[in-house]
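K.L.:
I have a structure here, written as structure tokens, and I will follow up with some questions on it.
Derivation of every value follows stated rules applied to the coordinates shown; laboratory data play no part. Values in this document were obtained by computation on a predicted structure and should not be read as measured data. Heads up, the Cβs are rebuilt from the backbone with ideal geometry, glycines too, and the neighbour counts pull from every protein chain shown.
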Amino acid sequence: MSTSALPSPTPAPALALDAIGQIAIIAHDIDRAIAFYRDTLGIRFMFQAGTLAFFNCGGIRLMLTVPENAEFDYPASVLYYRVADLDAAHETLVSRGVTFFSPPHLIHKTPAYELWMAFCRDSEGNPLALMQEKGVVA
């Protein structure tokens, strides 16, 4: 057996990104967006600096920002907020005026849990999702 047939190990890169520190979400009306994220979703507001607003979402910073130019003027990626009780979270947000385009529904079932989600839009039209991994009852 020839050892030359085995690939040599690739050295580890000097830099490896592995933690998200901040997520930017586009907002065309910063005051409306602040009210939605702070008052409707209940995410902890940190501070505002001009047209930037910052929230602490479980240790990850969300930054609401007015797009600087056309290159940055696009809808946000879908953010999936983990909740302990999807039905209760859905009901609470509906009572706060949030319209869901997809109510709570089963996405996937494993032997360990069921993945449930519900989808809505924020005040700026960006899609959001609520998710819960419900334990399977035998």
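K.L.:
Can you compute the charge dipole magnitude of the chain about its Cα centre, using +1 on each Lys and Arg Cβ and -1 on each Asp and Glu Cβ, nothing else charged? Give it in debye, rounded to the nearest 20.
P.N.:
Around 300 debye, computed over the chain.
K.L.:
Right, next: Any chance you could list the semi-axes, whole Å, largest first, of the equivalent ellipsoid that the Cα gyration tensor gives for segment 91-138, using √(5λ)?
P.N.:
25, 11, 7
K.L.:
On a 0 to 90 degree scale, rounded to 10, what angle separates helix 86-95 from the longest Cα axis of the chain?
P.N.:
30 degrees
K.L.:
Give me the Kirkwood hydrodynamic radius of segment 21-135, using the inverse of the mean 1/r over all pairs of distinct Cα atoms, in Å to one decimal.
P.N.:
It works out to 14.9 Å.
K.L.:
Quick one: net charge around Leu93, please, counting Lys, Arg +1 and Asp, Glu -1 for every other residue with C-beta under 13 Å from its C-beta.
P.N.:
Counting the neighbours of Leu93, the net charge comes to -3.
K.L.:
So for each of 104-113, 81-90, 29-38 I average, over its residues, the number of other beta carbons within 10 Å; can you give me the resulting order with the highest mean first?
P.N.:
Per-residue mean Cβ counts within 10 Å order the peptides as 29-38, 81-90, 104-113.
K.L.:
For Ile107, what charge total do you get from the other residues with a beta carbon under 12 Å from its beta carbon, if Lys and Arg give +1 and Asp and Glu give -1?
P.N.:
The answer is 0.
K.L.:
Pulled fully out, how much extra length does the chain show between Ser95 and Asp18, if you take 0.36 nm times their separation in residues and subtract their Cα-Cα distance?
P.N.:
So the chain would gain 24.0 nm between Ser95 and Asp18.
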